[in-house]
Amino acid sequence: MHGFANPARFLRLARWLTPLLLVTGLLLAGGAMAWGVFVGPADALQGDSVRILYLHVPTAWLAMGGWTAIAIASLTEIVWRHPLASIAARATAAPGAVFAAICLATGSIWGRPAWGTWWVWDGRLTSMLVLLFLYFGYMALSSAAEQDGAGGESRIPAIFGLVGAVNIPVIHYSVLWWNSLHQPPSISMGKSAMAADFLVPLLVATIGFSLLFGGIVLARMRALLADMQAQARLRRKAMAFD
């Protein structure tokens, strides 16, 4: 990991990896969703409303995966002082919040015909809403630290990233711990309750969205590094004039 701590080395890798992830992710995710919407079968019980599955489930997984990445980056920043860890966490927060918002929106749309209501305050939906607010809080803390000039020296966003990770197992196990309208997990370690007609395009869509998520994070990391380098050059010029 420390081999990529050098920003120049990281940028050389990210320069060609970013478009590769973005293009491949768009093709896989777009193709899987198109197949699911226009070609795949309807569900015997839920009918055509089940087709939102190919967007809802990947965004839910990646909303949780995004915060998991923030927690890992925060731990790396606190323990090993990795130079790119805080940048990686900051770059992950915005796309993670977008995916969490899409998850909540699509879940509400899917739940309306299935449950007869747009929203219920059960464990899964409430904990996912909490995750969205955690993303907003992390972005606000990171922005405040940057404006105060602390930048990478502030450990408050990293501590918040670690503490917020407590919500991830709550989201995952909420349908098992409490009575919930939300269905239990259809996919678990080594087994699946889904038919192959639904499972295969769902997995392809998840891989595609994961690649797309990774490409967005790399692009944001490159932008943050470029902004930091530009600010450093401006400070050097200001000091030279003084």
Prolate/oblate/rounded call for the stretch 1-93, Cα gyration tensor, a/c under 1.5 rounded: oblate
Length released on extending from residue 78 to residue 48, taking residue separation times 0.36 nm less the Cα-Cα span: 6.1 nm
Residue-normalised accessible area of the stretch 41-187, given per residue in Å² at a 1.4 Å probe: 47
Label point distance in nm, residue 114-residue 203, each placed 7 Å from Cα along Cα→Cβ: 2.1
Amide H partners (placed H, <5 Å) of residue 82, local residues excluded: 77
Per-residue ³J(HN,Hα) for the stretch 109-125, Karplus 6.51 cos²θ - 1.76 cosθ + 1.60, θ = phi - 60°, Hz, x for Gly and Pro: 5, 5, x, 4, x, 7, 10, x, 8, 6, 8, 9, 8, 9, x, 5, 5
Net charge of Cβ neighbours under 11 Å - reference residue 162; Lys, Arg +1; Asp, Glu -1: 0
Estimated inter-spin distance, residue 156 and residue 68, nm [label 7 Å along Cα→Cβ]: 3.0
Projected label distance in nm at residue 223 and residue 27, using a 7 Å step from Cα toward the beta-carbon: 2.5
Per-residue HN-Hα couplings for the stretch 58-63 [Karplus 6.51, -1.76, 1.60; θ = phi - 60°; Hz; x = Gly/Pro]: x, 5, 5, 4, 6, 4
Qualifying chymotrypsin sites (Phe, Trp or Tyr not before Pro) in the stretch 77-179, DSSP loop, other Cβ atoms within 10 Å at most 16: 118, 119, 121, 178
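The values are calculated or read from the model by the stated rules, or taken from the named source; none is laboratory data. What you see is a predicted model; the values in this text were computed from it and never measured. Every residue, glycine as well, gets a Cβ built from its backbone with ideal geometry; the counts of neighbours run over all protein chains shown. These accessible areas exclude ligands, DNA and RNA; they are computed on the full protein's heavy atoms, side chains included. Shrake-Rupley method; radii C 1.70, N 1.55, O 1.52, S 1.80 Å.
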